[in-house]
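First comes the structure, then the notes that go with it.
Readers should treat all values here as calculations from the given coordinates under stated rules, not as data from a laboratory. As the structure is a computational prediction, the values presented were derived from the model and not from experiment. Positions of Cβ are generated from backbone atoms using ideal geometry, with glycine treated the same way; all protein chains shown enter the neighbour counts.
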Amino acid sequence: MKIRFFPGCLVGFLLVGMISGCDKAPLPVAKARFFCDKDKTGIPTTFVETAKDRQPVIRWKSEIFTGSGYDPQTRCEQVSVKFQQASDNGGLKYLISEKQNKLPVICISDKEDGACNLMLFTVTPPDTVKSVLRKLQPNASKPLEQSGGKYYLPMTELGK
């Protein structure tokens, strides 16, 4: 008799759980995932993947730093990790222009006219900081702006 009772109780608990909504636990919110992969033409590319889609962010073509050990694949991998790190920490708010070691760089900042919190990459000639940020603009939430001689790009929508 106890053997028959046990399956009946199990079915009862399952039905009560389903009726009360226990089976409808909220799904985790998908976060942006930044990663390096090759695009359709074989170029190392930093991608962002969200629940909505997968988009290229930066295609790494320049060989200018290859002699220093930073070929396109290496730059792609390193910058993708930095984007992911900033996204995970909630700090991917603005891309800003800076100069480090007298070279133009793109950084992540938590304020539009803030300091460089995380240097992403050095801008390679013939590109300028402004042209690089303009190319990244379709992934951003607002237009490219200039503040105090620095360019910045709000990134609040990237990765959502």
**Q.** Separation of the residue 38 and residue 135 label points, Cα + 7 Å toward Cβ, nm
**A.** 2.0 nm
Q: Using the structure shown, list the pairs from 38/111; 52/150; 38/130; 61/93; 38/82 with a Cα-Cα distance above 23 Å, or answer none.
A: 38/111; 52/150; 38/130; 61/93
